[in-house]
1. Would you please list the contacts, defined by Cβ atoms under 6 Å and residues six or more apart or on different chains, that run from a residue in the stretch 311-329 that is within 14 Å of the ligand (Cβ to nearest atom) to a residue that is open to solvent by 50 Å² or more (accessible area, probe 1.4 Å)?
2. For ASN369, state whether it is assigned by TED's automatic domain parsing to the domain that holds VAL415, within 25 Å of GLU424 (Cα to Cα) and open to solvent by 20 Å² or more (accessible area, probe 1.4 Å).
3. Just name the residue that is most open to solvent (accessible area, probe 1.4 Å) out of those in the stretch 344-354 that are over 16 Å from VAL179 (Cα atoms) and in a strand (DSSP E or B).
4. Name the one entry in VAL339, VAL311, VAL301 that is aliphatic (A, V, I, L, M) and either within 18 Å of the chain's Cα centre (by Cα) or not in a loop (DSSP other than H, G, I, E, B) (or both).
5. Are any residues in the stretch 280-296 free of Cβ contacts under 8 Å to residues at least 24 places away in the same chain and either of a type in the set (A, V, I, L, M, F, W, C) or open to solvent by 20 Å² or more (accessible area, probe 1.4 Å) (or both), and if so, which ones?
6. Give me the strands (runs of 3 or more DSSP E) completely within the stretch 200-285, filtered to those with at least 2 residues that are among the charged types (D, E, K, R), ordered by residue number.
7. Just checking, which of GLU381, GLU328 is open to solvent by less than 90 Å² (accessible area, probe 1.4 Å), assigned to a helix (DSSP H, G or I), within 21 Å of VAL291 (Cβ to Cβ) and out of contact with any helix residue (DSSP H, G or I) (no Cβ under 9 Å at 6 or more places or on another chain)?
8. Just checking, how many residues over the stretch 359-399 are within 15 Å of TRP318 (Cβ to Cβ), among the aliphatic types (A, V, I, L, M) and in contact (Cβ under 8 Å) with a residue 60 or more places away in the chain?
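The values are calculated or read from the model by the stated rules, or taken from the named source; none is laboratory data. Everything numeric in this text was worked out from a predicted model, so none of it was measured. Virtual Cβ from ideal backbone geometry, glycine too; neighbours counted across all protein chains shown. Surface areas here come from the heavy atoms of the whole protein model, side chains and all, with no ligands, DNA or RNA. Shrake-Rupley method; radii C 1.70, N 1.55, O 1.52, S 1.80 Å.
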Amino acid sequence: MHVVIIGNGITGVTAALRIRALQPDWKITMISGESTYHYSRPALMYVFMGHMRYADTKPYPDSFWGEQRIELVRDWVTEIDKGRQRLTLHRAGTLDYDALLLATGSKSNMFGWPGQDLGRVQGLYDLMDLRRLYDNVQGARRAVIAGGGLIGIELAEMLHSRGVHVTFLVREASYWNNVLPPEESAMINRIITEAGMDLRLETNLVEIVDDGTGNACAVKTDKDERIECQLVGLTAGVSPNIDLVAGSEIETGRGILVDWSLRTKAAHIYAAGDCAELVDPEGGRNTLQQVWYTGKLQGRVVGEVIAGREVSYDPGIWYNSAKFLDLEYQTYGRVNMRVPGEQSLVWEHANGLHLVRIVHVAGRVIGFNLMGLRYRHKVCEQWIREEREIEYVLEHLVEANFDPEFFVRYEDEIVRALRAQLTEEAPAA
Ligand SMILES: Cc1cc2nc3c(=O)[nH]c(=O)nc-3n(C[C@H](O)[C@H](O)[C@H](O)COP(=O)(O)OP(=O)(O)OC[C@H]3O[C@@H](n4cnc5c(N)ncnc54)[C@H](O)[C@@H]3O)c2cc1C
C-alpha cells in the first residue's frame, strides 16, 4: 500500500504520523513544493523579526522522517490522474498512489486589483513570501498593507519592527469587527494607532501604481487618496488552495468537498485541513476551518480513516489564539457568532489593554474572549462543554486564571464587575 500526501503542513504531517503509527509496513510519501521539511507556519513572523531561527521552526529534526520511513519529496504536483492513480510532478516525473491525501492548505486572496502583480507587492503565506519580504523591505521606508485580520497585523508588525512606516487600509469600520465584538475591535484599533501606524478604516485599495520600472510606488484608495510607498502587502484573507484540483473531476466548492470522514467522492482520494470543505449532510452550511489546531485534528482523523478505521471528524469547541502586536488574544467557544439570545458580561481594564468577556445564553456559558491575559484552555472548554451556569463560572473563575500575578491584582475586580452586569441583565421580577 502506498499513501501519497500532498502538503507537509500541520495537516499532512499529522496524517502521515498517524498512518505510520497504525500501519507500520505501508509506504508513505509526503510531497511539498514549498520545503522539504515541515515547519511551523505561524512562526514565519518570528523568523523575520529575528526572534527565532528558521531551524527552530521545525518541530522535528531532519533525521526524524527517515526514522519514521516517511519519504519526503520536494516538488510541485501538477496533475492528478484519478483513473491511473498517478500524479505528475513538476520535476520528478510521475508517482503512483493507492491512497491520496490532499493537504494543500490555503493561498492569499488576490482580488484582481490593478497593479497586484507589480514588483514590491506581495502577500504573506509561505516561505516564498518570506524570501520576497527580505528583498522587498530593502530600502523601503513606507509600506501600505491592504486587509485587516490576523495576517495583516502580523505583516504590519514585521515591517514596523524594521522601522518601516505602515499605513493600514481596512475595509471595515473597525478592525476585524466581523469576528471581534466592538470592545475588542476598538482595543485593536487603539493599539495599532498607538504603535504609530496609520490606520485607515473604511478604506479600500483601488489601484497599485507602477513607478515605471514594474515596481509599486504608491496606492490609490477609494477615498481619492494617493499614498506613496515602496512596498505593498496584500492580506485580505486566505482561501482554500484548490488550484491542483481545479478542472479535475474532484468536486470543489470554496474548498475540496469532503464528507465528515474527509473522503472526497473520488475513489481513494481524501482532503483535510485548510483546503477541505466539509459538506453538511443535512444540506445546511458547509464547514471551512483554516487554523492550526483544526488542521491537526483533521490530519489525525484522516490519517486514521486512510489507515482503515471508521472515524469521523468532531470539530469540538472552537478555539483560536493570536497576538495583535504585544496583545494576546484567546477565544473559546462561540463569541459574536450571532447565536440567538447571546449575552455578554465584559470587564475591561481602565488602561484598555486587558479584557474578559464571558458569553452566555439563558444563563449557560457558551464562550470566552480574553485580551491581554490568558485563561486555561481546558477549564474554559470544560465549562462550555458542560454548559455551566454563569453563576458557577463566576464563582470558580479563579480556576481558569493562568497568571497568578494578574489574578492577585484583578480577580476581585473582574468578578465584581461581571456580577454587577449579571444583576443588571436579570429580567425584572
Ligand atoms: C502568516 C501566517 C500566520 C498564521 N498564524 C496562525 C496562528 O497564529 N494560529 C493559527 O491557528 N493559525 C495560523 N495560521 C493558519 C495556519 O498556519 C494554517 O491553518 C495551517 O498552516 C494549515 O495547515 P495545512 O497543513 O492545512 O496547510 P499548509 O500549512 O498551508 O500546508 C500546505 C502545503 O501544501 C503544499 N502544496 C500545495 N499545493 C501543492 C502542490 N500542488 N504540490 C506540492 N505541494 C503543494 C504547500 O507547499 C504547503 O507546504 C497562520 C497562517 C499564516 C499564513
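1. Sorted first by the residue in the stretch 311-329, then by its partner, the pairs are TYR313/TRP260.
2. no
3. GLU348
4. VAL301
5. Correct list: ASP280, PRO281, GLU282, GLY283, GLY284, ARG285.
6. The strands (runs of 3 or more DSSP E) meeting that bar are 205-210, 226-228.
7. Exactly one residue qualifies, and that residue is GLU381.
8. The qualifying residues number 1.
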